[in-house]
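Read the structure below first, then the notes.
The values are calculated or read from the model by the stated rules, or taken from the named source; none is laboratory data. Computed from a predicted structure; not experimentally measured. Glycine also receives a Cβ, built like all others from the backbone with ideal geometry; neighbour counts cover every protein chain displayed. SASA here: full protein model, heavy atoms, side chains in, ligands and nucleic acids out. Shrake-Rupley method; radii C 1.70, N 1.55, O 1.52, S 1.80 Å.
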Amino acid sequence: MNTLSPFHLAIPVDNLALARDFYKNTLALSEGRSSDQWVDFNFFGHQLVIHYKPKSEIEKNHHNSVDGKEVPVPHFGIILEWDIWHNFANMLSDKNIQFVIEPHIRFRGEVGEQATLFFYDPCGNALEFKSFKDPSQIFAN
């Protein structure tokens, strides 16, 4: 059986209303259940939950160098199909997203060639959206 199971990811946000607006209206994710402390979103078929957490309790992000770029750690995201990634990247650009790492092709011509981009949500969570030119190379060495 090769069906992927949806993952569940809960992340902290220090402003629930601002984060809710960002995920719903900027990233165009559909909203599910919610309370005054959390909101569920359909993150490309997966369950993303934003949970209110005071800023003083949220850890700072760190970075690692990958292919000459400083990649935010921790981060999360999704691997999209090649054309869908390009359309999504254009949508984000049209919405004036401030990229940490601009949309570009990483490892061009090598095993694992991929399109990638990074940005932060309004509460400081780092997101990466990527696509592999050849999806069979997602886990290739």
Among the candidates GLU70, GLU102, single out the residue that is open to solvent by 60 Å² or more (accessible area, probe 1.4 Å) and touching a His at 6+ places or on another chain (Cβ under 8 Å). GLU70
Give the residues of segment 73-97 that are open to solvent by 60 Å² or more (accessible area, probe 1.4 Å), closer than 16 Å to ALA115 by Cα and either over 13 Å from the mean Cα position of the chain (by Cα) or of a type in the set (Gly, Ala, Ser) (or both), sorted by residue number. GLU81, ASP83, ILE84, HIS86, ASN87, ASN90
Among the residues listed as GLY68, GLY124, GLY109, the single one being small (Gly, Ala, Ser), touching a helix residue (DSSP H, G or I) at 6+ places or on another chain (Cβ under 9 Å) and over 16 Å from LEU29 (Cβ atoms): GLY124
Checked SER34, SER30, SER56 against criteria (among the hydroxyl-bearing types (Ser, Thr, Tyr) and out of contact with any strand residue (DSSP E or B) (no Cβ under 7 Å at 6 or more places or on another chain)); the one match is SER56
With the structure loaded, tell me whether ASN15 is in contact with a Ser or Thr (Cβ under 7 Å, 6 or more places away or on another chain) and in contact (Cβ under 8 Å) with a residue 12 or more places away in the chain or whether it fails that test. no
Using beta carbons and a limit of 6 Å, which pairs, at least six apart or on different chains, have the first residue in segment 87-110 and under 12 Å from PHE129 (Cβ atoms) and the second one surrounded by fewer than 12 Cβ atoms within 10 Å (Cβ to Cβ)? none
